[in-house]
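Every read-out reported here was derived from the displayed coordinates using simple, explicitly stated rules and does not represent laboratory data. As the structure is a computational prediction, the values presented were derived from the model and not from experiment. Neighbour counts run over all protein chains shown; Cβ positions are idealised from the backbone, glycine included.
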Amino acid sequence: MKTLVIFDIPSNKIRNKIGEACKDYGLMRIQKSSFFGDINNNRREELRLRLKKILDIREGNIQMFPICDKDLQMRKVIINQKEELSYETDN
């Protein structure tokens, strides 16, 4: 199942550690504080525990969303680039 991880963490050091942990579990960065990829339930729980340990008592907000293929097919993407090119995709 696909998983979306988003986070808002003030500390650069902790934010970088969270990003590295997401990459270690095969997730791809889709925005500065957003990662996405295919991960099974057991690995998702392992990642959740790892992220919780990294954050510990520090200020921050980490959210993980499992996304089924049916819902993912309804995704819409709108991208505006600096070159003033815009496009929209269904996937």
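Listed values, structure above:
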quantity	calculated
Under the Karplus curve 6.51 cos²θ - 1.76 cosθ + 1.60, θ = phi - 60°, whole-Hz ³J(HN,Hα) for segment 19-27, x wherever Gly or Pro sits	x, 5, 4, 4, 4, 4, 9, x, 7
HN-Hα J in Hz across segment 59-75 - Karplus 6.51, -1.76, 1.60, θ = phi - 60°, x for Gly and Pro	5, x, 9, 10, 10, 10, 10, x, 10, 7, 4, 4, 5, 5, 5, 8, 5
Residue-averaged 222 nm ellipticity for the chain, from DSSP H runs of 4+ at -39500 (n - 2.57), nearest 500	-10500 deg cm²/dmol
Over segment 1-89 - Rg/Rh using Cα atoms and the Kirkwood inverse-distance radius	1.02
Charge-dipole axis of segment 2-89 as Lys and Arg at +1 and Asp and Glu at -1 on Cβ define it, positive-most pick from Leu47, Ile57, Ser11	Ile57
